[in-house]
Amino acid sequence: MANAKRTNDHDLDIGGDLRIAKMTRRASGAGTWVIGTIAGYRFNALVFPEHAECPEYELGDSRISKLWLERIADRATVLNFDRGWDVRPTDATAVAVMDFLAAGLADHIYHA
């Protein structure tokens, strides 16, 4: 996955430290749970090889139906998407991490 830059008050270089700690294929149906860290955040994502039949169940056009993001420093949940928004991104870095994962995590997992 290529690094992504986002410019706000400063540049955020996201992706260089992406670490996937665990991938678990679901026992029933398609999809893979992905656990990892990136840019000072811990994430869990449910990623699919195909797009959701119901577009609202997918984070944009990402093939991610669930994404939880926790800031490691204070263990705050900064984003939670579970087939819809429970917690919208709370800071610019959370948005940049979400954008980075949405842009390429499914392709990375399924080697598309």
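The values are calculated or read from the model by the stated rules, or taken from the named source; none is laboratory data. As the structure is a computational prediction, the values presented were derived from the model and not from experiment. Every residue, glycine among them, receives a Cβ derived from its backbone with ideal geometry; neighbour counts consider all protein chains shown.
What the table shows:
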quantity: Failed item in (1) crowded, with 17+ Cβ neighbours inside 10 Å; (2) touching a Pro at 6+ places or on another chain (Cβ under 8 Å); (3) assigned to a loop (DSSP other than H, G, I, E, B), with ALA30 passing the rest; calculated: (1)
quantity: Failed condition for ALA52, given (1) modelled with pLDDT of 95 or more; (2) under 18 Å from THR32 (Cβ atoms); calculated: (1)
quantity: Residue identified as assigned to a loop (DSSP other than H, G, I, E, B), surrounded by fewer than 17 Cβ atoms within 10 Å (Cβ to Cβ) and at pLDDT below 95 among ALA73, ALA2; calculated: ALA2
quantity: Some residue of region 13-22 being at pLDDT below 95 and assigned to a strand (DSSP E or B); calculated: yes
quantity: Filter pass, ALA52 being buried (at least 20 other Cβ atoms within 10 Å of the Cβ), in contact with a Lys or Arg (Cβ under 9 Å, 6 or more places away or on another chain) and of a type in the set (Gly, Ala, Ser); calculated: no
quantity: Residues being among the charged types (D, E, K, R), assigned to a helix (DSSP H, G or I) and surrounded by fewer than 16 Cβ atoms within 10 Å (Cβ to Cβ) - total across region 76-112; calculated: 1
